[in-house]
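Peer 1: Have a look at this one before I ask anything.
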């Protein structure tokens, strides 16, 4: 990034894009719930990064500088949506990292179980989108992007204790949203009981 700052080196900048475009796309997709708009904001992030290269200070983490640019663009987009009252809950990006897919081996998993897992993942994505953005942000940065609490505090420019409290509240809210939905999903997936079949036979 120093080479980009001092010499506007486009070849070096292309390497930065190659290293960071997937994490930035993932962040934008999860914040917005819209992969098409996330692709636009990913590109906007790198345009903004190049334009603001002179403001980069090597005393801080480059990743903090980049995450902050991407998040600010996401916040701007969410505010525009809120003004238009058109907050989208479209399908998010498919799992493409170990944070998205906790199942290490799917070789022995049947199609029914895979379908159930896919439904649960969709419920989680929708629940995350339903969180206020201050809670959504810490949850995504921690559990999907893998940042430590101290790094999140740097990105958001808040004390680490604030990140801790926001994380706790985010998980509480997520749990309250998900519990009834997961119960309904599980009940719908369960086969009818023997009593049901006995009743049908009597009828």
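We did not get these values from a lab; they are worked out from the coordinates using the rules stated. Worth saying up front: this structure is predicted, and the values here are computed from it rather than measured. In this analysis, Cβ positions are derived from the backbone assuming ideal geometry, glycine residues included, and neighbour counts consider all displayed protein chains.
Peer 1: When you check residue 37 against the structure, is it free of Cβ contacts under 8 Å to residues at least 12 places away in the same chain and more than 20 Å from residue 4 (Cα to Cα), yes or no?
Peer 2: Taking the combined requirement at face value, the residue does not satisfy it.
Peer 1: Which residues, counting only those in segment 163-178, are within 24 Å of residue 60 (Cα to Cα) and buried (at least 16 other Cβ atoms within 10 Å of the Cβ)? Steps first, answer last, please.
Peer 2: Step one: of segment 163-178, the residues within 24 Å of residue 60 (Cα to Cα) are 163-164, 166-167.
Across segment 163-178, the qualifying residues are 163, 166, 167.
Peer 1: Right, next: Can you tell me which residues in segment 11-34 are touching a residue at least 24 places away in the same chain (Cβ under 8 Å) and loosely packed, with under 15 Cβ neighbours inside 10 Å?
Peer 2: Across segment 11-34, the qualifying residue is only 22.
Peer 1: Go through (1) part of a helix (DSSP H, G or I); (2) touching a helix residue (DSSP H, G or I) at 6+ places or on another chain (Cβ under 9 Å) and name the single condition residue 18 misses.
Peer 2: Exception for residue 18: condition (2).
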